[in-house]
Amino acid sequence: MTTKRKATKKSAKPRSTRAAMSVAISKSKPVKERVAALAEVPLAVCESDKDLQATLNVLRDQDEPIEVRLASLQSLQAASFSVIAFESCRADYIATLRKVATDPNPELRQRVLGILAREKDGFAQKKLLEGLQNPTKALVPPEKALQLLSYDIHSEAYSVARKVVENPPNEDAKREALRLLAADAKSAPLFEKLLRDKNENAEIRQISAAALQALKPEKLQSNARDILLDDSDYDDIRATSLTALTQFGDAEAVAKDETLKKHVGKMSEKGGAKVKRSARQFMSKYGR
Amino acid sequence: MTELESNNSLSEDEFASLITDLAERPAERHQLIELLHEDHPIYDQRGAATIVRMRGWILHTLSKDQIKDDELIFVLEELDTGIDPYLVAAAAKALRSYPNPKRTFAPFVVHALANIRYRDEPVSFSEYGGYGDETTILQELLATLEWLGESARSVLPELQALVSQPAGLSKKLLNRIEKIVRSLEPVNDSTESCCLRLRDRFTWEPRSRKSCTEIESVLFEDQNHELTTFAEFFKGQPSIVVFFYTRCDNPLKCSLTITKLGRIQRILVQNGFASRVNTAAITYDPEFDSPERIRGYGENRGLLPGPRHRLLRARDGIDSVRKHFKLGVNFIESLVNRHRIEVYILDAQGQVASSFQRIHWDEQEVVNAAIELLDESKQVQDPNSQIGHRKSAFGNTFGLLASIGFAFFPKCPICWAAYLSMFGIAGLGQIPYSPWLQPLLATVMLINLGSVWLRARATERMISFYLASAGAIAIISSKFSESLKATALLGIVLTLAGSMLSTFSGRRQQKELTSH
């Protein structure tokens, strides 16, 4: 009973940052304890240069258990959210991330490249592009590289993404390449083609519809109308087309389009549940 | 076509070798400067990060030798508007290679410090494209502040504010700033005589302006989907034109430009010029920037759209507009990969009369430049008026004759008769002695001097003014003493030289600007 009470008392009292930090960087402590200690220190990481360097050392050291390295990364990442307080630590942090970006551990590599890519870091972009152009140098899978490159519309990823769409290594990569190209005005014809291709999978066609809405909304409207008038097209994409016209359509033009309204009127009575629901929303906006 | 223009498909390694090669040939330094122009073909179809590496390496290479006056604008531009650590660090380093520190530089360095301090990053100049950690952007900026020494006095309040509220600055950097502040605190008179005049504004005289015929029919769509051609909107009255694009990720460029255009519109309204001067913001990225996007972008930044104040996108692409204005922009696919800040003032014929480039411009100065063109429009509309250099040449000649007249003006009626008999023109003996003519000639001489000063200031060649001033002083002194009588002749020669130089330097600058 007494022991239990002591234990409760002990756990209730938070340990000092110094104590947590000494556990976090001690190789002799169990992994779980170190991970827990690192979770406690984010705000203190940048308080002293010694603590910062110790945490960065843990992240860099390939002999450290990966769980501890990932925890130190998380701790540093959390600290970096306090932009002003982190000012003096940022340069060392970024330098360490660039070193760890080529680490043998794929999870750590991917996370680090993700952080750098969000900073629009030139080093990370260069590595990701190299990997897409030459898979033997790839640090992350192609779909991940494309996703990370899409954080910066000014990266050189459009031409690489187009090549991936033409000759995709896998479906995920094609999907990410299309998402990236959704910011490229010159890709509008590609999206139009994919949207009308009944042999494409529904997700690719929906991505194409969303991209067209961003790039050429008038093209989406005309294509959505054609899709709705084509009874042989799939329910998923017809529901997407209905939503596009209901939410973003040229209200005046759609309201005057009797052929379309008559067709959608029929869809609201027969067809899949999703199509019926979308058709009813369309009709409630544009009337019969 | 230069060596570099034919090499726009160079790999980055080849580019680095070429830069090293050019740096070894001092006679080819101008090619390095050419490469700093955003519209250079070498930047076509490259990503923004690649361009940062390329430009940073050029700045670093330039800094190995001394930075020259005409190269400074590229360095200061980066400190003024740059947000990429590598480029700003390269600019800070390059500035230190200028022969001596100038007061003009200090605000740029402090501005860069404020812009970039929360984006500190390791940078390396040991090899092309290197991402090592030999220095950081903040260290480079502080090194430049230290190099400025006494010339940084004007930014002492900003540095003191930084010391009093250091936020997250490291102790090491803070110590360096404190040391700089301490060195500036004892008030010493600066011995620096004058500041630098940056070449961020260009002006074209009416006769040397490029015709806009080639883009008169270019069709624009405004924020409300309304269509207008270049000629319809820009001809008839002066215009202020800025360029931007909504996806620009540098808040110190497009976003700030549009915000400042909003301020310009307010100044025009306050001064009653809103209906007499057009304003337009034209997007570099017309494929993506739909009317809705540009409208939202303008509204969010305080623009006041109206029939004479519009946000525009070129319906058939930006190419013809880009070519006509020689825009400082380049693209990857349809997206801008790099651009400069640029504002153009168009005359009532839609021709570019002046432009402000690279460095942040002052709203009132831009408005003044447009208002000056309103007077010019009146002259153009009046068929009896003489425009441009004819008027100026007439003014100079008249002023010169007035100076001669003043120098030899007789003091009394007897002298007047003596002059006439000396020239043997007895027939003119009927001309009455007119003492009122002397102050009139003196006034015209001073007006001529003023006109030479204005032209000298505009051309940045003050020698003509100094000569004309010396001439005027010599002529006036000759009036006070008989012994100084001979100086009148010297005065006339100096005035003649000053006036002639003023006229020719004005024309020479027009030619330079036209070729630019």
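Where a number appears in this text, it was derived from the coordinates with a stated rule and is not lab data. For clarity, every value in this text was computed on a predicted model and none was experimentally measured. Neighbour counts run over all protein chains shown; Cβ positions are idealised from the backbone, glycine included.
Per-structure values
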read-out	value
DSSP-loop trypsin sites (Lys or Arg not before Pro) across segment A:113-210, with at most 13 other Cβ within 10 angstrom	A:Lys198
Approximate spin-label separation A:Glu203-A:Ala36, in nm, with each point projected 7 Å along Cα-to-Cβ	3.9
Sum of -39500 (n - 2.57) over DSSP H runs of 4+, divided by residues of chain A (222 nm, nearest 500)	-21500 deg cm²/dmol
Contour excess over end-to-end distance, with Cα ends at B:Thr213 and B:Asn271 and 0.36 nm allotted per residue	17.7 nm
Amide hydrogen neighbours beyond the local backbone of B:Ala281, cut-off 5 Å, H modeled	B:Val242, B:Arg310, B:Leu311, B:Leu312
Tensor-based shape of segment A:57-141 (alpha-carbon gyration tensor, a/c under 1.5 rounded, otherwise prolate or oblate)	oblate
Karplus-derived HN-Hα couplings along segment A:277-284 (A = 6.51, B = -1.76, C = 1.60, θ = phi - 60°), whole Hz, x at Gly and Pro	4, 5, 5, 5, 4, 4, 5, 5
Label-reachable residues, segment A:76-90, where backbone N falls under 20 Å from a point 7 Å from B:Leu174's Cα toward its Cβ	A:79-90
Over 19 Å between alpha carbons, listed pairs A:Lys163/A:Lys186; A:Lys144/A:Lys198; A:Lys144/A:Lys174; A:Lys186/A:Lys219; B:Lys64/B:Lys171	A:Lys144/A:Lys198; B:Lys64/B:Lys171
Net +/- balance of residues flanking B:Leu184 in space, Cβ distance below 9 Å, scoring K and R +1, D and E -1	0
GluC sites (Glu not before Pro) restricted to DSSP loop in segment B:223-312 with at most 15 other C-beta within 10 Å	B:Glu226
Vicinal HN-Hα couplings computed from phi for segment A:233-248 (Karplus, 6.51 cos²θ - 1.76 cosθ + 1.60; Hz; Gly/Pro x)	7, 6, 4, 4, 6, 6, 5, 4, 5, 4, 4, 4, 6, 5, 7, 10
Stretch gain in nm, segment B:Glu482-B:Arg25, where the contour uses 0.36 nm per residue and the Cα spacing is subtracted	158.4 nm
Trypsin sites (Lys or Arg not before Pro) within segment B:68-163, DSSP loop, no more than 14 other Cβ atoms inside 10 Å	B:Lys68
Label-point separation, A:Ser28 to B:Ala497 (7 Å along Cα→Cβ), nm	8.9
Stretch gain in nm, segment A:Lys186-A:Glu218, where the contour uses 0.36 nm per residue and the Cα spacing is subtracted	10.0 nm
Sorted by Cβ neighbour density within 10 Å, fewest at the top, the residues B:Leu87, B:Leu95, B:Leu374	B:Leu374, B:Leu87, B:Leu95
Counting DSSP beta bridges with both ends in the protein assembly as shown, the antiparallel % (nearest 5)	70
Net dipole in debye of segment B:5-184 [+1 Lys, Arg Cβ; -1 Asp, Glu Cβ; about Cα centre; nearest 20]	1120
Cα-based shape type of segment A:16-100, given that a ≥ b ≥ c are square roots of the gyration tensor eigenvalues and the cut on a/c is 1.5	oblate
Shape metrics for segment A:195-288, restricted to C-alpha atoms - Rg then Dmax, Å	12.0, 33
FRET efficiency estimate (nearest 0.05) - Cβ-Cβ, B:Glu134 to A:Asp233, R0 51 angstrom	0.30
A:Arg60-B:Tyr118 FRET efficiency (beta carbon distance; Förster radius 41 Å; 0.05 resolution)	0.95
Distance (nanometres) between label positions extended 7 Å along Cα→Cβ at A:Ala138 and A:Asn170	0.8
Whether the protein assembly as shown is rounded, prolate or oblate, judged on the alpha carbon gyration tensor where a/c under 1.5 counts as rounded	oblate
Å³ per residue enclosed by the Cα convex hull of segment B:251-326	102
Placed amide H near B:Thr136: partners under 5 Å, 5+ positions off or other chain	B:Val123
